[in-house]
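See below for the structure under consideration.
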Amino acid sequence: MMGTYVKFKFSDTEYEFTNDLEFHGDYIWTEGNFSCDCNRSSFIQEHCDSEFPLMDCGDTIELIEVKEALT
C-alpha cells in the first residue's frame, strides 16, 4: 500500500514517519492544511513523540521532506 513519508524539524530535533495517507503531491504539506503547526504537532504527537505538545497555528515546525512511500 502506498502512503506518505514525512520529515519535520523543530527545535533542532527531526521527526520522521510514514503514514497511510495517500500521497497527492506536496501542496497539502507546504501550503495546505498540513502546513500549519497545529496539524504538524498532532502528526508528531501521534507518530513520533506522545509527549510532544499540541501547538496553536503557526509556522515554526519545518518540513524537511515529504514523498510517496510504501506503508
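The values are calculated or read from the model by the stated rules, or taken from the named source; none is laboratory data. This structure is a prediction, so every number in the text was calculated from the model and none was measured. Here Cβ is always computed from backbone atoms with ideal geometry, including for glycine, and neighbour counts include all displayed protein chains.
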What about Cys38, is it of a type outside the set (A, V, I, L, M), modelled with pLDDT of 95 or more, surrounded by fewer than 16 Cβ atoms within 10 Å (Cβ to Cβ) and not in a loop (DSSP other than H, G, I, E, B)?
yes
Would you check if there is a residue in the stretch 24-35 being at pLDDT 95 or above, over 25 Å from Met1 (Cα atoms), out of contact with any Phe, Trp or Tyr (no Cβ under 6 Å at 6 or more places or on another chain) and surrounded by 14 or more Cβ atoms within 10 Å (Cβ to Cβ)?
no
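When the residues of the stretch 19-53 are narrowed to those that are out of contact with any Ser or Thr (no Cβ under 7 Å at 6 or more places or on another chain) and hydrophobic (A, V, I, L, M, F, W, C), which ends up farthest from Lys67 (Cα to Cα)?
Cys38
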Residue count, the stretch 1-17 (criterion: surrounded by fewer than 16 Cβ atoms within 10 Å (Cβ to Cβ), at negative phi and hydroxyl-bearing (Ser, Thr, Tyr))
1
Where the second residue is of a type in the set (Val, Ile, Thr) and part of a strand (DSSP E or B) and the first is in contact (Cβ under 8 Å) with a residue 60 or more places away in the chain and lies in the stretch 1-25, which pairs have Cβ atoms under 8 Å and are six or more apart or on separate chains?
Gly3/Thr18; Thr4/Thr18; Thr4/Val66; Tyr5/Thr18; Tyr5/Val66; Val6/Thr18; Val6/Val66
First in the stretch 43-71 and surrounded by 11 or more Cβ atoms within 10 Å (Cβ to Cβ), second anywhere and modelled with pLDDT under 95 and of a type in the set (Asp, Glu), Cβ under 7 Å, 6 or more apart
Val66/Asp26; Thr71/Asp20
With respect to Thr60, is the statement that it is assigned to a loop (DSSP other than H, G, I, E, B), at pLDDT 95 or above and among the β-branched types (Val, Ile, Thr) true?
yes
